[in-house]
Amino acid sequence: QVTLAESGGGLVQAGGSLRLSCVLSGRTFSNYAMGWFRQAPGTEREFVAAVSWKGDSTYYSDSVKGRATISRDNAKNTVYLQMNSLKPDDTAVYYCVADDEYIPVTVHTRGSWGQGTQVTVQG
């Protein structure tokens with residue numbers, strides 16, 4: 001069973017940066033493509049970024065392209081999301097997803113979800 005634990009969220013001023021982390025346990029990390037999604041109050045969960053199994057392919061939503069970088073460290077069983085130039089619209093709960101079949105770029109992924117980490121951008 002896959003367990004995902006996100007961390008790194010918090011309160012940040014507009015224009016600031018955060019790095020989110022997600023650690024996978026219970027299975028072999030390199031067998032999973034990884035993704036980040038987010039959900040703001042009253043909205044649907046949306047795709048943010050995804051990375052392939054080896055980290056050689058990355059994908060971003062238009063809303064974060066140029067401001068976010070997804071990366072993975074297979075030796076640490078961890079995927080990261082570096083977010084820069086944060087805006088109030090980035091305020092949401094950020095979720096990590098692990099999918100062993102497809103790169104998770106849609107909420108319809110059959111992958112495993114973490115519990116989420118809150119990001120709040122003030123200003």
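The values are calculated or read from the model by the stated rules, or taken from the named source; none is laboratory data. All figures in this text were calculated on a predicted structure; none of them were measured in a lab. Only protein heavy atoms, including side chains, enter the accessible area calculation; ligands, DNA and RNA are left aside. Shrake-Rupley method; radii C 1.70, N 1.55, O 1.52, S 1.80 Å.
If one computes the Cα centroid of the range 5-64 and of the range 84-123, what distance in Å separates the two points?
5
Can you give me the orientation-averaged projected area of the convex hull built on the Cα atoms of the chain, in nm²?
Working: hull surface 27.0 nm².
The Cα convex hull of the chain, projected and averaged over all directions, gives 6.8 nm².
Any chance you could look up the accessible area of ASP90 with a 1.4 Å probe, heavy atoms only, rounded to 10 Å²?
Ignoring ligands and nucleic acids, ASP90 comes out at about 0 Å².
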